[in-house]
1. Can you tell me which of 234-245, 104-115 comes out highest on packing, and rank the rest after it, using the mean Cβ neighbours within 10 Å?
2. For the chain, what is the mean residue ellipticity at 222 nm derived from helices alone (per DSSP H run of n ≥ 4: -39500 (n - 2.57); sum divided by total residues; nearest 500 deg cm²/dmol)?
3. Given a 10 angstrom Cα cut-off, can you work out which residue in Q66, Q291, Q230 is the most mobile in a GNM of the chain?
4. Below 19 Å Cα-Cα, how many Lys pairs turn up in region 14-410? Only count pairs eight or more apart in sequence, or on different chains, if you could.
5. Hey, fewest Cβ within 10 Å first, where do D74, D216 land in order?
6. Quick one: if the Förster radius is 51 Å, what FRET efficiency do A161 and L395 give, using the C-beta to C-beta distance and rounding to 0.05?
7. Determine the distance separating the Cα centre of region 119-167 from the Cα centre of region 298-338; give it in Å without decimals.
8. Compute the distance in nm between two label points, each set 7 Å from the Cα along the Cα-to-Cβ direction, one at R168 and one at L13.
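No value in this document is a laboratory result; all are computed from the given coordinates. Since the structure is predicted, the reported quantities are computational estimates derived from the model, not experimental observations. As a convention, Cβ positions derive from the backbone with ideal geometry for all residues, glycine included, and neighbour counts pool all protein chains shown.
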Amino acid sequence: MENKAGQSPSIFLHLFLPFGLGYFLSVFVGSVNAMMSPLLISEFSLSPADLGFMSSVYLIAFGLSQFPIGISLDRFGARRTLSPFVIAAVAGALIYGTAHSFAALVISRALVGIGFAGSLMAAFKAFAVWLPPKKLPITYSTLSLTGGLGGMFATSPVAFAFDTIGWRAVFLLIAVASLAYSAAVWFFVPKDDPDDEAGGASLTSLLKGMLALLGDKRFLCASAPAMAGQGVYFAYLYLWIGPWMYDVAAFGESSAGTFMMLAFASAAAGFFMNGLVAGWLEDKGWMSWEQLYLASGVFVSVFLALIAAVNAAGAALLWCPVMFFAAMVMISFPIVRRMYSGGEVGRALSLLNFLIFLISFLMQWLVGLALDLYPVANGHFSPAGHRFCLFAVSLFCFACCVWFAYGMKRGWLRRR
């Protein structure tokens, strides 16, 4: 298999299929709680805070794992980093499928989060090694599309599977698929050598270099709209959009599943199109990557505020533009990619991913805590509580966009 100098016909088999399967599973498992929230509330007697915390553990475990993953990607390459990590997801899916307590659910979500934490970053790293730079935006977008498809399958299709074979059997099948993913990465993905800069560095120095980025205002500015927009994506599409459909829109399982699938389809479109649209607009001289990134973040804030203002079934379709633009902020990864040198790329992208998942964890958990302050009636959370949370999240997204716009004006995002 050739690298950037030439592209082998087997590149689809050796790179895209293994990483596409992994990202599909990552999003599918991460978001399945949104559809099964009534089942979890009933079977495990969960409060809003319990549901929010249990689901968000996946996000914080995923985020914290970015530190060892970022270092390992630069030090050891994608294949040797990712495949061992995925074994934790296998264990997590098995525990979830056999869980009979809240503690077991929490432990399993943490293990699954750790196991799938490197799926996207390892793929990005491997693609950067094996593909020419001009192919990266479309490849990133296409891989992201597989995640959107995973989310779509976590709506009505998984509800059908729950009814047919039971939710526990579904998670046992997920464990088998995760094991196949780990094996595919190990046996099919070519070995990529570490970057020259990172290959000879100690793990301590690599970690210090990664943590040093937290003090870089350029990095923090570039990360802000992504943290907010992707925070909305993970906090709501991975969990709270389901309760919103049941509690605010008063939909049954079928209607809720349909609208959630539409929201996931919109996210999939945004993931696929962000690189294409960004490249096309910049080639035309109409809008830079950074300007598109900022506009997408602003639209997330605006549509969230509209949903909160309507706060009824009539706003259900507005989740589609929210998730489309929340996915469009993924252009942040190519933006950060070209801001830093090759030896820093794995750590910079993984740290960005960590910040996204830290904010997602906090957002998902805090929404649950806020809903817990409102009365719960017949298993349904308060529509007024949902409205408050949406307005608060919208304001946070807008503040992040203002910070990014300020950084653009000050020239913080100039390429090195």
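1. 234-245, 104-115
2. After summing the helix terms and dividing by residue count, I get -25500 deg cm²/dmol.
3. Result for the chain, Cα springs under 10 Å: Q291 fluctuates most.
4. Value for region 14-410: 7.
5. D216, D74
6. Given R0 = 51 Å and the Cβ-Cβ separation, E is 0.85.
7. 19
8. Distance between the two pseudo-spin positions: 4.0 nm.
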